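Below is one structure, written out as structure tokens; the observations come after it.
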Amino acid sequence: MKKFRCGDVVPGCTRAFTGSVDEILLAVAGHARADHGLVEVPDELVVQVRSAMVDA
């Protein structure tokens, strides 16, 4: 089980996610589109999200 805080990558964002790595990446992709206006999630963002995940 992992957790990720969006604010660790996007300053000011308060969303947080908990689950498996795959569950978090899927949820973060939807959040990035809906709340941050990204049309597609760049690979560099995925790398940043993965590196910011910690054990829950």
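The values are calculated or read from the model by the stated rules, or taken from the named source; none is laboratory data. Nothing here was measured: the structure is a model prediction, and the numbers come from that model. Cβ coordinates were reconstructed from backbone atoms using ideal geometry, including for glycine residues, and neighbour counts include every protein chain displayed. Surface accessibility is based on the protein's heavy atoms, side chains included, excluding ligands, DNA and RNA. Shrake-Rupley method; radii C 1.70, N 1.55, O 1.52, S 1.80 Å.
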Specify the angular offset, from 0 to 90 degrees and rounded to the nearest 10, of the alpha carbon long axis of helix 43-52 from the longest principal axis of the alpha carbons in the chain.
30
The alpha-carbon pair-distance distribution computed for the chain, with 5 angstrom bins and whole-percent values, is 4, 21, 36, 29, 9, 1
Normalising by the residue count of the chain, find the relative contact order in percent from Cα pairs under 8 Å and 6+ residues apart.
45
Whole-number accessible area per residue in Å² for region 2-55, which is evaluated in the context of all protein chains at 1.4 Å
66
Tally up the carbon and sulfur contribution to the accessible surface of the chain as a whole percent, 1.4 Å probe, everything protein left in place.
53
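Could you give the dipole magnitude of the chain about its Cα centre, charging the beta-carbon of Lys and Arg +1 and that of Asp and Glu -1, in debye to the nearest 20?
200
Test of the criteria: in the chain, which GluC sites (Glu not before Pro) are in a DSSP loop and have at most 16 other Cβ atoms within 10 angstrom of their Cβ?
In loop regions of the chain (DSSP not H, G, I, E or B), the sparsely surrounded GluC sites (Glu not before Pro) are 40.
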Amide H to amide H, which residues 5 or more places from residue 15 or on other chains are under 5 Å from it, using H placed in the peptide plane?
6, 7
In nm, the gap between the two label points placed 7 Å beyond Cα toward Cβ at residue 36 and residue 48 is 0.6
At 7 Å along the Cα-to-beta-carbon direction for both residue 22 and residue 8, put a label point, then send me their distance in nm to one decimal.
2.1
